[in-house]
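The values are calculated or read from the model by the stated rules, or taken from the named source; none is laboratory data. Keep in mind it's a predicted model, so treat the numbers as computed, not measured. Note that we place each Cβ from the backbone using ideal geometry, even for glycine, and neighbour counts take in every protein chain shown. The accessibility values were calculated without ligands, DNA or RNA, using every heavy atom of the protein model including side chains. Shrake-Rupley method; radii C 1.70, N 1.55, O 1.52, S 1.80 Å.
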Amino acid sequence: MEMGLFQQQSMNLVMTTELRQAIAILQVPSYELTSYLQEQALENPLIEIAEPKGMFTTLKKSVRKNGVNGRSDAQQPLEHLIIEKETLYDYLYKQSILLPIQEQDGRIFQYLLLSVDESGYLTVSAEDTAHRFQTTVEKCEELISLLQTLEPVGIGARDLRECLLLQLQEQHQEHTISYIIVDQYLDQLADRKMKWLSTHLNVTPQEVEAAADFLQTLDPRPGAAYAPANDQAYLYPDVSVTEENGKFHIAVNEQYSPMLKLNESYGTLLNGKNATSKFLDDSFQKFNWLKKALEQRKETLLNITNEIVRVQEKYFLTFDRSDMVPLTLKEVADEIGVHESTVSRAVKNKVIQTSKGAVELKSFFTAKIFTQDGGSVSATSAKSEIKKLVENEDKTKPLSDQILASLLEKNSGLSISRRTVAKYREELNIPSSSKRKRYTS
């Protein structure tokens, strides 16, 4: 070993600022793109944000494989109006005005009202409330009981058991099997221990099952009807696919994204020779990078969607999940000439609008399951078959995961292990066979 200066040539992959920005924009869904562009506009005086001209923006690229073409749709009328909805607190407060509450207890009751969550449950205890207002636990329990007389029935409960008991009391069911089960054996019911319950209650399994069916008619979340809409329940489409005369048309949806424009008021300063013009020149270059990244995002989304529609053409005609064919990120990436990671980033949190509703783009990528004849089907198709088998099973003798695996191989030629069947069943929110068992058909 020796000390010295040596010249060495090497090749390294450098993540440039422009590349980072392009990757970031590619990953951002339409409904978040507005915020991203507004942040860029705060840092760059040359960026001007303008409202979009219409719901869909035409892309110059026309895709002709399998009759798929890019197009723009006409400007659409406003389809969704925001209507202010009465909140649960508003509804409870209006009822509470008529309650016989003493003036000194008003602050405590108001606190209890504000402590009812969106599902209708009270999130504070009588002990904590008593400590907070320097009063007795008995007084707080009295006020909580008063709160629980309000509608909807079950409001102000501190847990599921109390919520169901309040509803059963309202229906005068205090001496029924249903009431006893909720009061003493709710955990056993959740585990579907019907025989165990029938033994301890000295009734038949059929009677326990009838009681359980009645409990299913109660509302475990009495305040949910007044809860504000969850933003995550809405799917904002990034691309749209429509079918007309056997041809599919794809458009990139920019309803939720502003248009990027150059602030012309700085135009005369761009070619100057002072420090200010140097800053503006850099800003102008960043503006062009951003504009190019946005165009590239559109192009990539269009290419990926086109390939998905080409491969999943049968699904887009029938909208039957069982018609989906196996498709991987790599297959799409190879077809459109990009890296697999690019496709992965592009479909993340993106949604495609169809005539039958909005669907997440990532749902079109499913694993291959091999059949006995050497072919393959998608995991989505396998899940569809499992769902059908469970729906048509004898509920008194529900099918185990092993039997489901055997039936899939016998009926559809799908070679799936018991463990994989269990995984798919759980993803479909289907309980195990022991919890699906019924004693009456």
Highest mean packing first, using Cβ neighbours within 10 angstrom, the peptides 311-317, 210-216, 99-105, 296-302 sort as 296-302, 311-317, 210-216, 99-105
For Glu360, the residues 5 or more places away or on another chain with a placed amide H closer than 5 Å to its own amide H are Ile352
Label model pair Gln402, Asp320: point-to-point distance (7 angstrom along the Cα→beta-carbon line) in nm is 3.3
Accessible-area order for Leu428, Leu260, largest to smallest, probe 1.4 angstrom, reads Leu428, Leu260
For the Phe214, Leu114 Cβ pair and Förster radius 35 Å, calculated FRET efficiency rounded to 0.05 is 0.55
So, for the Cα atoms of region 340-427, Rg and Dmax in Å stand at 15.5, 49
Under a 1.4 Å probe, counting only protein heavy atoms, Asp159 has an accessible area in Å², nearest 10, of 70
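If R0 is 35 Å, what FRET efficiency do you get for Lys423 and His172 from their C-beta distance, rounded to 0.05? Can you show the working numbers first?
Details: r = 45 Å, r/R0 = 1.28.
So the FRET efficiency works out to roughly 0.20.
Determine the alpha carbon to alpha carbon distance for each of Lys348/Lys435; Lys362/Lys410; Lys314/Lys395; Lys362/Lys423; Lys195/Lys410; Lys397/Lys423 and list only those over 27 Å. Display every interim value, and only then the final one.
On the way: Lys348/Lys435 35 Å; Lys362/Lys410 30 Å; Lys314/Lys395 33 Å; Lys362/Lys423 19 Å; Lys195/Lys410 33 Å; Lys397/Lys423 21 Å.
Going by Cα-Cα distance, Lys348/Lys435; Lys362/Lys410; Lys314/Lys395; Lys195/Lys410 fall outside the 27 Å limit.
Quick one: in region 298-370, what % of C-alpha pairs are over 15 Å apart?
The proportion of pairs with Cα distances above 15 Å equals 50 percent.
In nm, what is the difference between 0.36 nm times the number of residues separating Arg132 and Ile49 and their Cα-Cα distance? Mind showing how you got there, number by number?
Values: separation 83, 0.36 × 83 = 29.88 nm, distance 4.97 nm.
Extra length available between Arg132 and Ile49 comes to 24.9 nm.
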